[in-house]
1. Could you give every pair whose Cβ atoms fall below 6 Å, whose first residue belongs to segment 27-48 and is closer than 15 Å to LEU2 by Cβ, and whose second residue is of a type in the set (Gly, Ala, Ser) and surrounded by fewer than 18 Cβ atoms within 10 Å (Cβ to Cβ), counting only separations of at least 6 or pairs across chains?
2. Restricting to segment 19-43, give me the number of residues that are in a helix (DSSP H, G or I), surrounded by 16 or more Cβ atoms within 10 Å (Cβ to Cβ) and polar (S, T, N, Q).
3. Residues of segment 83-99 being touching a Lys or Arg at 6+ places or on another chain (Cβ under 9 Å), surrounded by 14 or more Cβ atoms within 10 Å (Cβ to Cβ) and not charged (D, E, K, R), which ones?
4. Filter segment 58-91 down to the residues that are touching a helix residue (DSSP H, G or I) at 6+ places or on another chain (Cβ under 6 Å) and closer than 23 Å to ARG46 by Cα and list them by number.
5. Of the residues that sit in segment 58-73 and are under 13 Å from ILE84 (Cα atoms) and part of a loop (DSSP other than H, G, I, E, B), which one is farthest from the chain's Cα centre (by Cα)?
6. Any residue in segment 65-78 that is closer than 14 Å to HIS12 by Cβ sitting within a Cβ distance under 6 Å of a residue that is β-branched (Val, Ile, Thr) and in a strand (DSSP E or B)? List the pairs, counting only those 6 or more apart or interchain.
Amino acid sequence: MLHSDATISGEHLPLDAALAIGAGQRAGVNISEERALEWLTINPARSLHLDKQIGSLEPGKNADVVLWSGDPFSVYTRAEVVLIDGAVVYDRNDPSRQALSDFEVGQPAIARPE
């Protein structure tokens, strides 16, 4: 399983998994992307004994979901939509659902292009 307690590196876990996949391949160990996704989802939930509530997309479970523009293990992929507890908290195509950049925080309201 892969995990991070650092607030800035959790968003990079798919890339960390991609690095592990590549290292495994170079060592002669074939690691599927499905297996690597388990490292980031159901395996951490199992280790916390929370796999009945979280860790996979199943009816009745709580889920935070990211919809990617492509392969989640690619450095070129971007998050398109993020849902937390069923609510859209980020949408790449909706400026009202995007966080302010560090340059905008604390500044007077800036009109965003529609």
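Readers should treat all values here as calculations from the given coordinates under stated rules, not as data from a laboratory. This structure is a prediction, so every number in the text was calculated from the model and none was measured. With ideal geometry, Cβ positions are generated from the backbone for all residues, glycine too; neighbour counts draw on all protein chains shown.
1. Listed pairs, sorted by first residue: ILE31/GLY24; ILE42/SER56.
2. Of the residues in that region, 1 qualify.
3. TYR90
4. PRO72, PHE73
5. Only one residue tops the list, namely LYS61.
6. Here the result reads VAL66/VAL82, each pair linking segment 65-78 to a residue that is β-branched (Val, Ile, Thr) and in a strand (DSSP E or B).
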